[in-house]
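To start, the structure itself, in structure tokens.
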Amino acid sequence: MTSIPSLIGVVIVSFLLTRVLPGDTATYFAGPAATPKALEEVRKQLGLDKPLPEQFLRYVADLTHGDLGNSLTTGQTVVGDITSRLPASAELTLIGLLLALLIAVPLGILAAVRQGSWIDHLCRVVATAGVSLPVFFTGLLLVYVFYFLLGWSPAPLGRLDIFFSEPPRITGFLLVDSIIARDWEVLRAALSQLILPALTLAVFSLAPIARITRASMLTALSSDFVRTARASGLKPITVTMTYAFRNAMLPVITTLGMVFSFLLGANVLVEKVFAWPGIGSYAVEALIASDFAPVQGFVLAMAILYVILNLAIDLLYGVIDPRVRVTT
Amino acid sequence: MVAIPLLDISDLTVEFGTRRGIVRAVEKVDFTVAKGETVGIVGESGSGKSVTSYAVMRILDRAGRIADGSITFSGIDIRSADEAYMRDLRGREISMIFQNPRAALNPIRKVGRQLEDVLLRHVQAVPSNAKEKAIDLLNQVRISRPEERYHAYPFELSGGMCQRIVFALALACRPQLLIADEPTTGLDATTQKAVMDLVVELTRARGMSTILITHDLGLAAAYCDKVIVMERGKVVETAPSGSIFKDPQHPYTRKLMRATPRPGITLRDLLPATDEEPPASSVVVMDGKPLLSVRDLVKEYPRQGAGATLASLFGKKAADAAPFRAVGGISFDVMRGESVGLVGESGCGKSTTSMMIMRLLDPTSGSIQFNGVDIGGLAAKSFAAHPMRPKIQMVFQDPTDSLNPRYTAARAISDPILRMGGGQSAAQVRARCEELARLVGLPGDLLDRFPHQLSGGQKARVGIARAIALDPDLVVLDEPTAALDVSVQAIVLNLLQELKERLSMSYLFVSHDLHVVHLLCDRVIVMRNGAIVEQGSADRVLSHPEHEYTRELLAAVPTPPV
Amino acid sequence: MSASTIPDAAAPAGSQRLAPIKSLFSHARYIVGDNPVTGLSFGLFMLFLVCALIGPYLVPHDPLASDTMAALQRPSLRHLFGTDQLGRDIFSRVIVATRLDMTIAISSVALVFVLGGLAGIAAGFYGGWTDRIVGRIGDTIMAFPLFVLAMGIVAALGNTVTNIVIATAIINFPLYARLARAEANVRREAGFVQAARLTGNSDARILLTQIMPNILPIMMVQMSLTMGYAILNAAGLSFIGLGVRPPTPEWGIMVAEGSAFIVSGEWWIALFPGLTLMLAVFCFNLLGDGLRDIVDPLRRT
């Protein structure tokens, strides 16, 4: 339910970003050499002479038809461009998040269970250093070390080396598609391209996850119900996992929303560093070319994606916490 | 008695590493618990009574350690036993129930599953019959509809029911020793009695020993065979409960006993005996005119409906179900110079009533006449500037919460004088502050301290000084001693009584504690579910209650046999 | 008896310090003594401040002067951080960039501190419509991935430094508003606020004298913590070509310029501005953590 007002807000803000703010859309579409008369023509054509509410309705109507305008640089529809590039971004982001979760959650748990030990200190250092690292800078460092110095990874130029041909597109996720096609060579090549950018994203999102896991584990471990569980003689593993961790997961899941927000933003920077053909680099290229329709389409698409992710997080939360189920 | 006790603690010393160095929480504690015996450990906050029990279970915080002494439980040396062995012991041989039962249960696990966890851990059940055994346990602690409650989460159960579940967890493996740490603190008197009776009945039936940790002498007297009194980490007296109340040996025990409110005494009796005569109490002038007159007072709250998000977005009121009636049309008077007690269990509407009289909350309907003026109709917001404002003041329940952490005591006391006392010079305000401090017995050098530098009793005094700064006619006392230890409570109650006589104020005393109300009040109003069930003179209501509920309340409060 | 097994070691003793400043100071000294990292980060912060204030007068080379003869030189004594593809001295450029980066961060944080703080306090204290409107604005902003929203705002408003400041402030708004709202809301019903009502204080006065002073320290901590984020955000925007334009020295844009040379091994062009950027953010994060320990000892982790 909560995602509906968010969605309405997102559409309104996107509309405001396209229409109301300074910078005349008509001047932009008509080109710099346009005469006042031609300008008027374009304005009428775009419906910019109508009152704002009407413009808004038209904007919403266009949206429902999946019309976000055309890109001047690629000549394609923005929706077409975004849908064809989305899997590349999604694959990268998800692998990055997965890596981060696999490292950060156990690290946070261990740090809380062994408070004051070296692993706790490591967790603190990782948490503070991780949020301080500019994501584009991490990416460049990794490229320098693993590509230039060690030569372990391929050049940071996209999803697949040009010598390989992409497997037949089914999901758009190269890893999945190459497994479906049983093309292990391509799978290996795609993985080797993916690992550095995914690692960059993981390093970036590791910090908040580790931090909140540690903090909420500490809270859970010092809670009354964990004391009860201990006083009942339950095994440490049961106390830590079934009692403390299940409860500590709730704040972690809430934080995951914030992490996704960071990740989707960081994604843009990482795609630029690794020349990754996703929607982030698409938006950046359009931005440099002053091609605004793709940028606006990108912002809206990301926002909708994010709203959906948050909805999924809410649902997950409800699965774990019975108290939420009752009230909604 | 049996030669070898079940639990033998000797010379136990527990230390905590803190920022200020090592703190001894428990020092050279000796006592034994025989098989089937119920032992009470009594003490005020900081006496080390809980820490002692955590040491027995070896579940001290990371910072705490057993520094010296020995704990022997049926021949096992607890101090040197290895951790895996201790885990087998916990829950199976020694179990524990805690204060705040709702927090003591895992909030996101079904209570039945939590019972199963313990049963399976100690091999009291196998997965195929665990559920059956868990339901059987729920039955034993008298939880109705146990098959249904097996699937309940703690938040769906009442506080009393949660405590029964915690008790079921503790009983699951038929341990030999049960440690109950303030098991009923925070529960209503009637619930408290039901839980305690159940604990005693089931532990007796199983021949279990019990350690009952409590701050309440009455509770210890009512349920224990032997009582151990602790003060600042040390045992000051150990005696059978029959004799300890008749003939307390240690001065601290005597002080504690005296300070415990009970029937048939006066406020003065709460304080340590002194040679000097109590000040002759001035005769209270009651001119028969009511100072405060409440008629048909009602407070309703809209119920929270589902789908509130969308509705609130558009500012719509949620579909009107019948509103919740916190206070349902009550009427009473408070005479000039009179103390009226407003008594009831949590959720009875007594606090809502006091907030409305204080004009911090707007009533739904009804009238509040104060000094002949109807103040009930004035909006709570505008009442701040009303000339009647200084005449009704309040002492709050939690002395810590009611003081701004960034104001010194002097600043807190002078706030009403600065706001409503007319233009006074800084020196005049300060002088008045010091005068008030003297009145409430707050040493003058404490005036420049911040709340965190004051003790609970001192903070309570600051709160009282602030309330009487403008010579109010009516002071509402909202459980002013609920957060205090009994010995401090005794002093504060006496102070309140003395101030009332000296300044000829009226009190509306909101409390759940019938004995305290009896001591301080002339008249008592008993509330339940937003309605008044009985009112009358304090002596009459407490010695010859007419209403069934009042009788029930009175019976539920344990009293020391003095 | 409290639920904790820790004995009440904080019970007031007879010899308490009287002056609040003194007690805060000694507490601060305890924290720094306990955690020298906080002291270190404070020193680092002063260093950045000095660079921002007088850096341009101290640097050995003109940050904008190109010298194609000396292009792409490794770090040396003459060029501490080496030179870039146009032969400009990277050390000088890094130092001079401090002012711009700090200005962006500080002004955006100050802006959101005032706007978000006020809106949040009003929402928490008054509730009702104020709360609903502030909450809705915050929720709408939070419905976007924040960096992406900042991109969109700067793209729409126009590609200037001022708009970077505005965009950074906007995306931080919900954080401040929510924090201030929560803090104001718990204190709205606190005993001492009720007591202040009884002594004839008006709502405005209560806000000013009772609620604000108690919220301010927490907000200050938040400020320090978001400074780092603001710097990262601004640098990220200029990395993708928004806001600051070349040849203006700015850390993000310098890393972007150096990124093309990483694959060919000229690491110093991107490394030094990147390291400085990292150090600045690190410094603010540590400082924020340290400040939180001083302000709110209970929340120490």
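The values are calculated or read from the model by the stated rules, or taken from the named source; none is laboratory data. Everything numeric in this text was worked out from a predicted model, so none of it was measured. Methodologically, a virtual Cβ is constructed for each residue, glycine included, from the backbone with ideal geometry; neighbour enumeration extends over all protein chains shown. For accessibility, only protein heavy atoms count, side chains too; no ligands or nucleic acids. Shrake-Rupley method; radii C 1.70, N 1.55, O 1.52, S 1.80 Å.
Please tell me if B:ASP216 is open to solvent by 30 Å² or more (accessible area, probe 1.4 Å), in contact with a Ser or Thr (Cβ under 9 Å, 6 or more places away or on another chain) and under 14 Å from B:VAL33 (Cα atoms).
So B:ASP216 fails the test.
B:LYS255 satisfies every condition listed in (1) part of a helix (DSSP H, G or I); (2) over 20 Å from B:LEU553 (Cβ atoms); (3) of a type outside the set (A, V, I, L, M, F, W, C); (4) at pLDDT below 85 except (4). Looking only at residues of the stretch B:269-311 that are under 21 Å from B:VAL475 (Cβ atoms) and at pLDDT 80 or above, we find that the one that is most open to solvent (accessible area, probe 1.4 Å) is B:PRO290. A:THR238 satisfies every condition listed in (1) within 14 Å of chain B (Cβ to nearest Cβ); (2) within 20 Å of A:ALA100 (Cα to Cα); (3) open to solvent by 30 Å² or more (accessible area, probe 1.4 Å); (4) β-branched (Val, Ile, Thr) except (2). May I ask you to say which residue of B:ASP88, B:ASP82 is under 21 Å from A:PRO236 (Cα atoms) and without any contact (Cβ under 8 Å) to a residue 12 or more places away in the chain? Step by step, each of B:ASP88, B:ASP82 is checked, and only B:ASP82 is under 21 Å from A:PRO236 (Cα atoms) and without any contact (Cβ under 8 Å) to a residue 12 or more places away in the chain. Note on the stretch C:150-169: among residues that are without any contact (Cβ under 8 Å) to a residue 40 or more places away in the chain and over 19 Å from C:PHE113 (Cα atoms), the one that is nearest to the chain's Cα centre (by Cα) is C:ILE153. For the stretch C:113-130, a tally of residues being over 13 Å from C:PHE173 (Cα atoms) and surrounded by fewer than 20 Cβ atoms within 10 Å (Cβ to Cβ) returns 6. The residue that is surrounded by the most Cβ atoms within 10 Å (Cβ to Cβ), among those in the stretch B:312-342 that are modelled with pLDDT of 55 or more and in a loop (DSSP other than H, G, I, E, B), is B:GLU338.
Of note, A:ALA215 does not satisfy the criterion of being under 30 Å from B:ALA103 (Cα atoms), buried (at least 24 other Cβ atoms within 10 Å of the Cβ) and in the same structural domain as A:PHE173 (by TED's automatic domain parsing).
The set of residues in the stretch C:141-179 being away from chain A (no Cβ under 13 Å) and within 24 Å of C:THR248 (Cβ to Cβ) consists of C:VAL161, C:ILE164, C:VAL165, C:ALA169.
Per-residue answers, yes or no, for (1) over 14 Å from C:VAL148 (Cα atoms); (2) more than 15 Å from the chain's Cα centre (by Cα); (3) within 13 Å of chain C (Cβ to nearest Cβ):
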| position | (1), (2), (3) |
| --- | --- |
| A:MET217 | yes, yes, yes |
| A:LEU221 | yes, yes, yes |
| A:ARG227 | yes, yes, yes |
| A:MET249 | yes, yes, no |
| A:SER281 | no, no, yes |
| A:PRO294 | no, yes, yes |
| A:LEU300 | no, no, yes |
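The residues in the stretch A:134-156 that are more than 7 Å from chain C (Cβ to nearest Cβ), part of a helix (DSSP H, G or I) and open to solvent by less than 60 Å² (accessible area, probe 1.4 Å) can be counted, and the count is 6. Just one residue in the set A:THR74, A:THR128, A:THR64 is among the β-branched types (Val, Ile, Thr) and within 14 Å of chain C (Cβ to nearest Cβ); that residue is A:THR128.
Taken over the stretch B:383-420, the residue count meeting the criterion of being more than 7 Å from chain C (Cβ to nearest Cβ) and outside any helix (DSSP H, G or I) is 10.
For every residue, the table says whether it meets (1) away from chain B (no Cβ under 14 Å); (2) in contact with a helix residue (DSSP H, G or I) (Cβ under 8 Å, 6 or more places away or on another chain); (3) closer than 30 Å to C:ASP89 by Cα; (4) not aromatic (Phe, Trp, Tyr).
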| site | (1), (2), (3), (4) |
| --- | --- |
| C:ASP203 | no, yes, no, yes |
| C:PRO213 | no, no, no, yes |
| C:MET219 | yes, yes, no, yes |
| C:GLY252 | yes, yes, yes, yes |
| C:SER259 | yes, yes, yes, yes |
| C:LEU291 | yes, yes, no, yes |
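For the stretch B:68-105, which residues satisfy the criterion of being in a helix (DSSP H, G or I), open to solvent by 30 Å² or more (accessible area, probe 1.4 Å) and touching a strand residue (DSSP E or B) at 6+ places or on another chain (Cβ under 9 Å)? Within the stretch B:68-105, just B:TYR85 meets the criteria.
Here are some residues: C:GLY120, C:GLY138, C:GLY116. Which one is under 26 Å from the mean Cα position of the chain (by Cα), within 14 Å of chain A (Cβ to nearest Cβ) and in a helix (DSSP H, G or I)?
C:GLY138
Of all residues in the stretch B:184-197, those satisfying the criterion of being open to solvent by 10 Å² or more (accessible area, probe 1.4 Å) and touching a residue at least 24 places away in the same chain (Cβ under 8 Å) are B:THR185, B:GLY186, B:LEU187, B:ASP188, B:ALA189, B:THR190, B:THR191, B:GLN192, B:LYS193, B:ALA194.
Answer yes or no as to whether B:ALA380 is open to solvent by 10 Å² or more (accessible area, probe 1.4 Å), at pLDDT below 85 and more than 7 Å from chain C (Cβ to nearest Cβ).
Yes; evaluated as a whole, the condition is true for this residue.
With respect to the conditions (1) at the interface with another protein chain (Cβ under 10 Å from one of its Cβ atoms); (2) within 21 Å of the chain's Cα centre (by Cα); (3) crowded, with 22+ Cβ neighbours inside 10 Å, C:MET227 falls short on a single one, namely (1).
When you scan the stretch B:127-150, do you find a residue that is of a type in the set (Phe, Trp, Tyr) and at pLDDT 90 or above, even just one? Yes, because at least one residue in the stretch B:127-150 is of a type in the set (Phe, Trp, Tyr) and at pLDDT 90 or above.
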